[in-house]
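Everything on this sheet refers to the single structure shown next.
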């Protein structure tokens, strides 16, 4: 039988506020345990929550960006359960009336097609703390620094059909929240987390199979692997005549597999009810309109514009708009290069991105800024240097040796375009290789490359390649 | 609604309350009596009545996003039953 | 000294007739002498009180004093006090010293008041007789066989026996007004949102409201002015000005429209109590008030509605008491579940556990709509009853409690009978309205309270109406024989 996967994702995006959603404690990552857990976060007796305006603003921005309806009135509810990292014994969340209603997000697939994924809802809630399972005399330690950090839980429709689509959706969503500057998207630090609901069904069927929920996945790679593992596991089970059990599973990255959570699975009864310490959240339409005006250009619009304005391919535009920082960088390089749209795209996607990767740097922390890269491209465009020499110059810039012009000058890398000089070098090479000249003239035309190489060698790589090719051919064919 | 022993056990578990076995019949009786009282609510038809969660028709006030709290761990943990290395300790949690 | 009103005491302090230290010492001595019989205090803060009094004396000498500087008071042990145990009447918090002050406590401190101690109460404010306290029952100063009412029974008894000139209380379903009535004092529950709930240990968040227990409306007006007002830490706090309650006390009542709900004067009402209330109403007639019968048709549903909403909220509010970060922790928990279950099972008393279980049940899957949602719908109907009534009357009057104080142990085995005694007070909390109870007479030597209910934020009016009654009567001046000296 042919199987089809049905996947829905619940993404928890930590909102990039300074203080917590219901208290004035800091949300900074990495502090000593419990030093950023104030009385409200600790759930001490008598303390009360007050909602952070910034968290609300960020949720609204997200809603606007996915074309969703922002609820004029939404309600905070308590989700009741006992767990050591949940100090009050309930999580303040939104249940029946979330702030962000139905929206959508378009993803680009590998085959160049795009697909629109439905977003069911997004709601505000508080994060829990962390249980540390290192051994404290056989006990667990609880750090509540993270308790109360604002989260936007973004729930997708079960519209995703493969592990690849799921990661594409997740990447697109991460890009979006970073564009909006509402979440840093840092998966290592847990600022952007994913739970996946996975089921399979016979292709063509429109029912749903029993689903499992995979928790605790903290990178794109692992999400893809975990979902793929789970799809395969479920198909194997069903084909072997077994049944999928509805359960929560954890992804074990070391073993590359999912396993059921060990904690006793009991049907949770969360006893949701409206939090009486908080009043209905009312969003005035005027505020919403003000927020709409502050929306930055979003990835899809920017991608369209890059194709239209710079003549880039869909692929290039997708890569260059993947993050707001990279897109901004591209546009700055393009400007500094004097409008060399294509060269700028090639360089940003090529040498520059490779260098970032190998040094594990971000666009914002690079040693070669947009003006330096633009300057280098200018020199390629005006034929001061060849593309090949440019790579040397780029590496030197990366090492901090100055801007392109000073490196070219200092190292004498200006390319030779002067016909006389090139002809002299060509003559010397042809004279030194009479046999090859003979062979060429007898039809072995691929030897042209050999001559080019020899001249390049003789000129220290500085010969203008186009000019050289042209002159060589003239000489050899005369 | 009459609650049986199993109901009391289930509710007590949900609420994480240890109830002594010999007290269960009394709780069952008390709770059943309370539910009987509560079920008088059914005498009124409330179809179409909007539920009221708060006495005052006010909207949630929003706080400015400012860090106003400083580290008071030592103070807060002075009243904690068991702490170590700044962490609250609980019996081992199994995931 | 202890038979004086707090405005008289304040005047005495200003005139240097006595110092705050002397006044405080006087009350501390009375507590030492009498409270063994009443058990109205859980904690007495002798040293701290004397320090506060000395500071108040310095402020008085320096001319920095405000109206209640140097006046002693008792705080209900539900208000968190930095450095002083806040038990909420529970074993769960027997070791709990809050690292912060409640908003109410901050305001009293800022006004230079002197905290004598923390008063006994029903455990987590759940009770109408003060018998559920882990610290033992409080006794009624008028008859020590009788309950003082609850949950603010300690504050009521302390004020009635002059072991504090004034005290704070909290009222979720009548917990200020009912003990005030049963102890023969004046107690006001303000409009929901009028007094900050910050640092006030929550029982049922949408119903809880802090207020004042005093010997007279005049005293209540003074303390309410101190504790009322906006608190940005409480999302449900009302951001509106606090009037000078004392200024309007003496307003003439001619033309005042008083509504008597016919549902309040039925079979369940003790005939003696009914007679006292009728006499009180005729006092108002004499003052020129117009009395008319009104109807609050959903009155009987207030108790069932309340006993869904309050337990539901409490079941969630009390989840934080889990033995992890503060409070009682059972010994040698075998595992996490054992830690939770035994800490909570041993830390909470029977009534608290009952209510947590009722609330847990009412919110659980499959029952939510039938119980919680239904109760919220009825809550609106009950509120609407009052809204309609206030279109035709200025205040609503009736008994605070259907009977006078009952004897200790009389109802403690029958929760439902106990709940039904809150019939007249509960609806006011569901609606969020202000209410005041004023002493109106006695039946068999036990006090009767007249309840006056006002429209939202009409505390000024309530205090005025109560004050004028107290100008015409002297029930509020009575002090139980045993505690007079």
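Quick note: the coordinates plus some simple rules give every number you see, no bench work behind them. These numbers come from a predicted model, not from an experiment. Note: ideal-geometry Cβ built from the backbone for every residue, glycine included; neighbour counts use all protein chains shown.
Mind checking the angle between helix A:448-458 and chain A's longest principal axis? C-alpha axes, 0 to 90 degrees, to the nearest 10.
For A:448-458 against chain A, the angle is about 90 degrees.
Calculated from DSSP H runs of 4 or more alone, at -39500 (n - 2.57) each and per residue, what is the 222 nm mean residue ellipticity of chain B, nearest 500?
That comes out to -9500 deg cm²/dmol.
Based on the alpha-carbon gyration tensor of the range A:308-408 and its eigenvalue square roots a ≥ b ≥ c, which shape applies: rounded if a/c is under 1.5, prolate if not and a/b is larger than b/c, or oblate?
oblate
With the cut-off at 1.5 for a/c, could you classify the protein assembly as shown from its C-alpha gyration tensor as rounded, prolate or oblate? Working shown, then result.
Numbers: a/c = 2.83, a/b = 2.34, b/c = 1.21.
Taking the square roots of the gyration eigenvalues as a ≥ b ≥ c, the protein assembly as shown is prolate.
Order by neighbour count: C:84, C:416, C:448, fewest other Cβ atoms within 10 Å first, most last.
Ranked by crowding around the Cβ, least crowded first: C:416, C:84, C:448.
R0 = 56 Å: FRET efficiency of residue A:4 with residue A:405, Cβ-based, nearest 0.05?
The computed FRET efficiency comes out at 0.45.
Compute the length gained on full extension between residue A:474 and residue A:246: take 0.36 nm times their separation in residues and subtract their Cα-Cα distance, giving the result in nm to one decimal.
74.5 nm
Specify, per residue and in Å³, the volume enclosed by the convex hull of the alpha carbon atoms belonging to chain B. Could you put the intermediate results ahead of the total?
Working: hull volume 26.5 nm³, N = 95.
Value for chain B: 279 Å³ per residue.
Using helices alone, I'd like the mean residue ellipticity at 222 nm for chain C: each DSSP H run of four-plus residues gives -39500 (n - 2.57), total over residue count, nearest 500. Before the final figure, lay out the partial values.
Details: 15 runs with 185 residues, N = 485.
Value at 222 nm, helices only: -12000 deg cm²/dmol.
Mind giving me the FRET efficiency for residue C:283 and residue C:334? R0 is 60 Å, r the Cβ-Cβ distance, nearest 0.05 is fine.
0.40
Whole Å is fine, so just give me how far the alpha carbon centre of the range C:321-359 lies from that of the range B:10-48.
When both Cα centres are located, 19 Å separates them.
Which FRET efficiency value, to the nearest 0.05, is calculated for residue A:457 and residue A:365 with the Förster distance at 41 angstrom and r the Cβ-Cβ distance?
That pair, residue A:457 with residue A:365, gives E of 0.60.
Rounded, prolate or oblate for the range C:196-323? Axes are the square roots of the Cα gyration tensor eigenvalues, ordered a ≥ b ≥ c, and the cut-off for rounded is a/c under 1.5.
Values: a/c = 2.48, a/b = 1.32, b/c = 1.88.
In terms of gyration-tensor shape, oblate.
Mind giving me the nanometre distance, one decimal, between the label points for residue C:275 and residue A:431, set 7 Å out from Cα along Cα→Cβ?
Here the modelled spin labels are 14.1 nm apart.
Helix-only estimate, please: 222 nm mean residue ellipticity of chain A, summing -39500 (n - 2.57) across DSSP H runs of length 4 or more and dividing by its residues, to the nearest 500.
After summing the helix terms and dividing by residue count, I get -12000 deg cm²/dmol.
Where in the range A:346-386 does the label zone of residue A:221 land, with the point 7 angstrom along Cα→C-beta and an amide N cut-off under 16 Å?
Residues A:357-361 qualify, since their backbone N sits under 16 Å from the label point.
Neighbour counts of other C-beta atoms within 10 Å: give me C:126, A:268 arranged from fewest to most.
Least crowded to most crowded, the residues run A:268, C:126.
Mind pulling the angle between the C-alpha long axis of helix A:220-239 and the longest principal axis of chain A? Nearest 10 degrees, somewhere in 0 to 90.
Result, in degrees: 60.
Over all pairs of distinct alpha carbons, what does the Kirkwood formula give as the hydrodynamic radius of the range C:300-376, in Å?
13.3 Å
Report, for the range C:13-124, the % of DSSP beta bridges that are antiparallel, rounded to 5. Could the numbers behind the result be given before it?
On the way: 5 of 10 bridges.
So the antiparallel bridges in the range C:13-124 amount to around 50 percent.
If you take the Cα Rg of the range A:238-352 and divide it by 2.2 N^0.38 Å, with N the number of residues, what do you get?
So the Cα radius of gyration is 1.86 times the expected 2.2 N^0.38 Å.
Can you list, largest first and rounded to whole Å, the semi-axes you get for the range A:40-132 by taking the square root of 5 times each eigenvalue of its Cα gyration tensor?
Rounded to whole Å, the semi-axes are 32, 17, 11.
Could you check the simple spin-label distance between residue B:47 and residue C:481, using points 7 Å along Cα→Cβ, in nm with one decimal?
Output for this residue pair reads 6.2 nm.
Across peptide C:91-99, how many C-beta atoms of other chains are within 10 Å of each residue C-beta, on average? Write down the numbers at each step before the final one.
On the way: counts 0, 1, 2, 0, 2, 3, 2, 6, 10.
Averaged over the peptide's residues, the number is 3.
Summarise the long-distance tail of P(r) for the range A:98-197 by giving the % of C-alpha pairs beyond 25 Å.
Of all Cα-Cα pairs in the range A:98-197, 31 percent lie more than 25 Å apart.
If you take every DSSP beta bridge fully contained in chain C, what fraction is antiparallel? Give it as a percent rounded to 5.
Expressed as a percentage, antiparallel bridges in chain C total about 70.
Equivalent-ellipsoid semi-axes (√(5λ), Cα gyration tensor) for the range A:419-477, whole Å, largest first?
In descending order the semi-axes read 17, 11, 10 Å.
What order, most packed first, do the peptides A:17-30, A:356-369, A:334-347 have when packing is the mean number of other Cβ atoms within 10 Å of each residue?
On the way: A:17-30: 21.7, A:356-369: 13.4, A:334-347: 19.8.
The densest-packed peptide leads the list: A:17-30, A:334-347, A:356-369.
Cα centroid distance between the range C:428-474 and the range A:1-68, in Å?
46 Å
So if the hydrodynamic radius of the range A:366-476 is defined as the Kirkwood radius over C-alpha pairs, what does Stokes-Einstein give as its diffusion coefficient at 20 °C and 1.002 mPa s, in µm² per second?
143 µm²/s
Express in whole angstrom the spacing between the alpha-carbon centres of the range C:247-297 and the range A:345-386.
First find each Cα centre; the distance between them is then 87 Å.
Of B:57, B:66, B:84, which has the largest mean-square fluctuation in a 10 Å C-alpha GNM of chain B?
B:84
Report, as an integer, the average count of C-beta atoms from other chains found within 10 Å of each Cβ along A:468-477. Before the final figure, lay out each step's value.
Working: counts 0, 0, 0, 0, 0, 0, 0, 0, 0, 0.
Taking the mean over all residues of the peptide, I get 0.
Of all DSSP beta bridges in chain A, what percent run antiparallel (nearest 5)?
Approximately 95 percent, going by the DSSP bridge assignments.
Averaged over peptide C:198-207, how many Cβ atoms belonging to another chain are found within 10 Å of each residue's Cβ?
4
What angle do you read, to the nearest 10 degrees and between 0 and 90, between the alpha-carbon axis of helix B:24-38 and the longest principal axis of chain B?
70 degrees
Using 7 Å Cα-to-Cβ label points, what is the residue A:381/residue A:328 separation (nm, one decimal)?
About 2.3 nm separates the two model spin labels.
For the range C:313-457, what value does the Rg/Rh ratio take when both radii are computed over Cα atoms and Rh is the Kirkwood radius, given to two decimals?
With Rg and the Kirkwood Rh in hand, the quotient comes to 1.07.
Between residue A:162 and residue A:269, what length comes free when the chain is fully extended (0.36 nm per residue of separation minus the Cα-Cα distance, one decimal in nm)? The partial results should precede the final answer.
On the way: separation 107, 0.36 × 107 = 38.52 nm, distance 3.13 nm.
Stretched out fully, the residue A:162 to residue A:269 stretch lengthens by 35.4 nm.
Sorting A:329, A:450 on the 10 Å Cβ count, fewest up front, what's the list?
Details: A:329 21, A:450 15.
So the residues, fewest neighbours to most, are A:450, A:329.
log10 I(q)/I(0), Debye, Cα-only chain A, no solvent, q = 0.14 Å⁻¹?
Taken in order of the listed q values, log10 I(q)/I(0) reads -1.34.
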